[in-house]
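Below is one structure, written out as structure tokens, with a few remarks after it.
The values are calculated or read from the model by the stated rules, or taken from the named source; none is laboratory data. Model, not experiment: these values are computed from the prediction. Cβ: placed from backbone, ideal geometry, glycine included. Neighbour counts: every protein chain shown. For accessibility, only protein heavy atoms count, side chains too; no ligands or nucleic acids. Shrake-Rupley method; radii C 1.70, N 1.55, O 1.52, S 1.80 Å.
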Amino acid sequence: MSNTSEIKNVITPYNFPSQKGGREAITRILEAYGFNTRQALCDHLGVSQSTMANRWMRDTFPHDWLIACHLDTGISLHWLTTGEGTAAKNEMKDKISQIGCKEISKGVFSSVSMIDYDLALIPYEINDPFIVKFENSYFLIDDNSDELSDGFWLISVDGFMSVREVFRIPGNRLRIENGKASYECNADEVSVVGCAVSKTEFLR
């Protein structure tokens, strides 16, 4: 026997506003954009004065303008639509930024692009971060020239760049981990490009 009736009782659909309330919604759109006149909004949206006047006089709800405003400003779509809650901007939009992504191939940067990155994943003390793709892993690099210590580093040896785990050992020497090709060398034989502060690794 079907449980359709029970499911209908559980699901509560969102109640969209009626087709009225257009003047209040347009007023909120003006506030979101920071415009003082409806003409300024017309110019921004690329609509005629007659279209604006028609919606204003008929109190027609401007669904399309609300969506455009939300995408342009990040202002809460719920507030724009209903006037309820706050007009706070979309927090996720503010947390995302673009940073450089560099891929290492044959010891050099083979390509450079820009990618979206969550700022919450970047430690506050890092001022100039970038991403390095190396051997199927992505490393968040702090662009600095600090003295090498134990950890993962973006380094250059004989002009070839790589991201390696480095250990400092007595005698101002370093151990560079590279699987079966691990080796030791003097600290002055390694140039520091940056410190790796996080790693994203593909397991397959």
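For region 107-124, enumerate the residues that are without any contact (Cβ under 8 Å) to a residue 24 or more places away in the chain and under 21 Å from Val157 (Cβ atoms).
Step one: list which residues in region 107-124 are without any contact (Cβ under 8 Å) to a residue 24 or more places away in the chain, which gives 110-118, 122, 124.
Correct list: Ser110 only.
If Phe160 passes every condition in (1) over 17 Å from Asn186 (Cα atoms); (2) in contact with a Gly (Cβ under 7 Å, 6 or more places away or on another chain); (3) not β-branched (Val, Ile, Thr) but one, which one does it miss?
Only one criterion is unmet by Phe160, namely (1).
For a quick check of your reading of the model, give me the residue pairs whose first member lies in region 24-44 and is more than 20 Å from Thr82 (Cα to Cα), whose second is assigned to a loop (DSSP other than H, G, I, E, B) and open to solvent by less than 70 Å² (accessible area, probe 1.4 Å), with beta-carbon atoms closer than 7 Å and at least 6 apart or on different chains.
Within 7 Å, the pairs are Cys42/Ser48.
In region 179-204, what count of residues is obtained for those that are over 19 Å from Asp128 (Cα atoms), of a type outside the set (Ser, Thr, Tyr) and surrounded by 11 or more Cβ atoms within 10 Å (Cβ to Cβ)?
Within region 179-204, residues that are over 19 Å from Asp128 (Cα atoms), of a type outside the set (Ser, Thr, Tyr) and surrounded by 11 or more Cβ atoms within 10 Å (Cβ to Cβ) number 5.
Return the total of residues in region 153-178 being in a strand (DSSP E or B), closer than 22 Å to Ile131 by Cα and either open to solvent by less than 80 Å² (accessible area, probe 1.4 Å) or among the polar types (S, T, N, Q) (or both).
Within region 153-178, residues that are in a strand (DSSP E or B), closer than 22 Å to Ile131 by Cα and either open to solvent by less than 80 Å² (accessible area, probe 1.4 Å) or among the polar types (S, T, N, Q) (or both) number 14.
Among Arg175, Arg204, which is the only one that is at pLDDT 95 or above and either out of contact with any Lys or Arg (no Cβ under 7 Å at 6 or more places or on another chain) or under 19 Å from Glu103 (Cβ atoms) (or both)?
Step by step, each of Arg175, Arg204 is checked, and only Arg175 is at pLDDT 95 or above and either out of contact with any Lys or Arg (no Cβ under 7 Å at 6 or more places or on another chain) or under 19 Å from Glu103 (Cβ atoms) (or both).
How many residues are over 20 Å from the mean Cα position of the chain (by Cα), more than 27 Å from Asp64 (Cβ to Cβ), modelled with pLDDT of 85 or more and open to solvent by less than 60 Å² (accessible area, probe 1.4 Å) if we restrict to region 74-133?
Adding up the residues that qualify gives 3.
Any residue in region 179-190 that's more than 13 Å from Leu148 (Cα to Cα): show its pairings with residues that are basic (Lys, Arg) at Cβ separation under 6 Å, as long as the two are six or more apart or on different chains.
Glu184/Arg173; Glu184/Arg175
How about region 138-152: which of its residues are open to solvent by less than 70 Å² (accessible area, probe 1.4 Å), touching a residue at least 40 places away in the same chain (Cβ under 8 Å) and outside any strand (DSSP E or B)?
Residues satisfying the conditions are Asn144, Leu148.
Any residue in region 99-113 that is of a type in the set (S, T, N, Q) and closer than 24 Å to Arg23 by Cβ?
No, because not a single residue in region 99-113 is of a type in the set (S, T, N, Q) and closer than 24 Å to Arg23 by Cβ.
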